[in-house]
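Reviewing the structure listed below.
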Amino acid sequence: MPEGDTIHYAANRIRPILEGHVPDALETLHPRFGRDRWPERLEGQEVRSVDAHGKHLFIRFANDLTIHSHLRMTGSWRVLDADRRPSRAAWLSIRRGGKAVVQFKGPVLELMTDSRTRLDRRIAGLGPDILAPELDTARVLRRLREDDPTRTIGDALLDQRTIAGIRNMWKVEGCFAAGIDPWRPAGEVSDEEVLAILAETRPRMQRSAADGIQDRFKVVYGKAGRPCPRCEAAGTISLVKVRGQGDDNRPTYWCPTCQA
Ligand SMILES: [Zn+2]
């Protein structure tokens, strides 16, 4: 499932191809675009910027039109050689200088005005992006404290209104790295402990956003029933547990011994 770092990684790959350039060709490949006329509406327009916020990606054009995408569980962005014919799962192809930026399987892919991207409820309500150049931690804490204090910290960290870009895998690894039990109610987790989770998560996600390699950060994620590596290093055997958390029942892995 795409997490914030996946989207930033995609933006980082798309940016050098499109930013500051007029695309050679733009093609909508999915029948749902029928009469939307994207190629005409974006013809001759330079790409001003490519940016990401949480799981949203924006390609902003000089005429104030912006392509907005949200990948949900299924979508992806790829950079391919322009002469390679994209599969039928491709929704959009933007070619420039021998490369093609291709969007697969939507599911949210729309053209909107730049001002609407700032007013749209789905986007304007987002909390600070975990991968923003300067993370506004005071605002993250404020939003967290406005949320239900009985909600578990693991679940609260997935709320994109509190902090954008963290999804289940990073929540699991962030809580483990900081030694915090993801099942504690958020109201009983101190500001310092929340900041510790963010401080562990952010650099890992930054590295993953830079090179797209996420699996090396999975220490307890997907490791139910295996010995916790931190406890093992300290000479104790404690098995990693898993249980569904929150309304979405996200599989949450943790060590019952060293996560307090
Ligand atoms: Zn442990």
Item to check | Restraint check, LYS218/LYS241; LYS105/LYS241; LYS55/LYS105; LYS171/LYS223; LYS55/LYS218; LYS105/LYS218, Cα-Cα greater than 24 Å | outcome: LYS105/LYS241; LYS105/LYS218
Checklist entry - So for the pair THR257, ASN12, with labels modelled 7 Å out along Cα→Cβ, what separation do we get in nm? => result 3.5
Item to check | the range 123-178 - charge dipole about Cα centre, Lys and Arg +1 at Cβ, Asp and Glu -1, debye rounded to 20 | outcome: 60
Next on the checklist: Between the range 125-165 and the range 222-260, what is the separation of their alpha carbon centroids in Å?
Outcome noted: 23
Checklist entry - Can you give the FRET efficiency for SER190 and LEU119, using 1/(1 + (r/R0)^6), R0 = 51 Å, r = Cβ-Cβ distance, to the nearest 0.05? => result 0.90
Checklist entry - Highest mean first, what order results for 106-116, 197-207 on Cβ atoms within 10 Å? => result 197-207, 106-116
Checklist entry - Got the relative contact order for the chain handy, in percent, Cα pairs under 8 Å and 6 or more residues apart? => result 17
Checklist outcome for this item: Under the helix-only model (-39500 (n - 2.57) for each DSSP H run of 4 or more, divided by the residues of the chain), the mean residue ellipticity at 222 nm, to 500 deg cm²/dmol, is -9000 deg cm²/dmol
Checklist outcome for this item: FRET efficiency for LEU239 and ALA89 from the Cβ-Cβ distance with R0 = 41 Å, rounded to 0.05, comes out at 0.55
Checklist entry - Net charge near PRO256, counting Lys/Arg +1 and Asp/Glu -1 over other residues with Cβ under 15 Å of its Cβ? => result +4
Checklist outcome for this item: Summing +1 per Lys or Arg and -1 per Asp or Glu among the other residues with Cβ less than 14 Å from GLY179's Cβ gives -3
Checklist outcome for this item: Between the modelled labels at ARG161 and THR74 (7 Å from Cα along Cα→Cβ) the distance in nm is 2.7
Checklist outcome for this item: Here the cysteines of the chain without any disulfide-compatible Cβ partner under 4.7 Å are CYS175, CYS258
Checklist entry - Which one of ALA52, SER93, ALA11 is farthest out on the positive end of the charge dipole of the chain, using unit charges on Cβ (Lys, Arg +1; Asp, Glu -1) and the Cα centre as origin? => result SER93
Item to check | Dipole of the range 174-237, positive direction: furthest Cα of ALA178, LEU198, VAL220, with charges on the beta-carbon | outcome: VAL220
Checklist entry - Out of the DSSP beta bridges found with both residues in the chain, what percent are antiparallel (nearest 5)? => result 95
Checklist entry - Counting only protein heavy atoms and using a 1.4 Å probe, what share of the accessible area of the chain belongs to carbon plus sulfur, as a whole percent? => result 47
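The values are calculated or read from the model by the stated rules, or taken from the named source; none is laboratory data. Predicted model, so just to flag it, every value in this text is computed and none were measured. Note: ideal-geometry Cβ built from the backbone for every residue, glycine included; neighbour counts use all protein chains shown. Side chains are part of the model used for accessible areas, which takes the heavy atoms of the whole protein and leaves out ligands, DNA and RNA. Shrake-Rupley method; radii C 1.70, N 1.55, O 1.52, S 1.80 Å.
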